[in-house]
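None of the figures in this text is laboratory data; all of them are computed from the coordinates on show. Here the structure is a predicted model, which means the values were calculated and not measured. Cβ placement follows ideal geometry from the backbone for every residue including glycine, while neighbour counts extend to all protein chains displayed.
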Amino acid sequence: MLIGTDFDKIEFQMFGLSLAEPNAFIGDFILGVIAFYLIIKIHRLNSSIPFFKNWKLFFVTLGTGFFLGGIGHSMFLYFGVYGKYSGWLLSIISVSYLEAAIFSIHPNSEKGKLLLVVSKIKTFIAISIEIGIFVFVNLTSDPQLGLWVPLINSGIGFIFCLGYLSHKYQKSITNSFRNLKIALALMVPAAIIQHLKISIYPWLDRNDIGHFLLAITFFIYWKTINGYHNYLEKDLN
């Protein structure tokens, strides 16, 4: 086990290419597949309603980010830290869609619209700062610096939406929103493991543990989404 530092990158040869981090590629690929599987399930509900439409876009951008991130990991020896840029930017954008989904069903429509405007401003600022980091900061020496903006942006959105608003929605809309608080709770150990760089084994490092926890949260999201759909169906009947 390592704490505070990472194992050396696993390198291997395939198709005449010098590739790296096969475990990270596999983890990202699996998360991408799960994301697109859930996109299909959400689409079958009612993609015309903003709540479902934005959840679908959340998984589209996040899933695409994971696929590109997996390629960035495996092609690290060729692209270096530049291969991670698209994944970081898409993670920022994906959070904006999650926020839009949650705000779209706010009991006070005017407050919901205001929160959506604030979300768009936050997203614009986060993307601008992240691009500024790409341009002016040497991420080759410390790639972790590129993660700070996506992490802070996600933290703000998740705590407010999955914590505060989900608690209010659980009481005012349907009890299925309690699941979002569970998803938020799972992100705490994932963040701690990433920050402290806790890795058990070269094939089970901090990224792998984080991928496992993220996969669980994906299905918790789906449980909430489907629960809200059932609530609407029951209300219509």
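As I understand it, the value is the acute angle between the Cα axis of helix 50-74 and the longest principal axis of the Cα atoms of the chain; what does it come to in degrees, rounded to 10? Roughly 0 degrees between the two axes.
One Cα centroid belongs to the stretch 90-128, the other to the stretch 43-89; the line between them spans 18 Å. On a 0 to 90 degree scale, rounded to 10, what angle separates helix 85-103 from the longest Cα axis of the chain? Roughly 10 degrees between the two axes.
Farthest toward the positive end of the dipole of the chain, out of Ser18, Ile159, Val135, is the Cα of Ile159, where the dipole comes from beta carbon charges about the Cα centre.
For the stretch 49-204, lysine pairs separated by 8 or more sequence positions, or belonging to different chains, with Cα-Cα distances below 22 Å total 22. Note on the chain: helix-only mean residue ellipticity at 222 nm, from DSSP H runs of 4+ residues weighted -39500 (n - 2.57) and normalised by residue number, equals -24500 deg cm²/dmol. Against the chain, whose longest principal axis is taken from its Cα atoms, helix 206-236 shows a tilt of about 20°. Convex hull volume of the C-alpha atoms in the chain, normalised per residue: 116 Å³.
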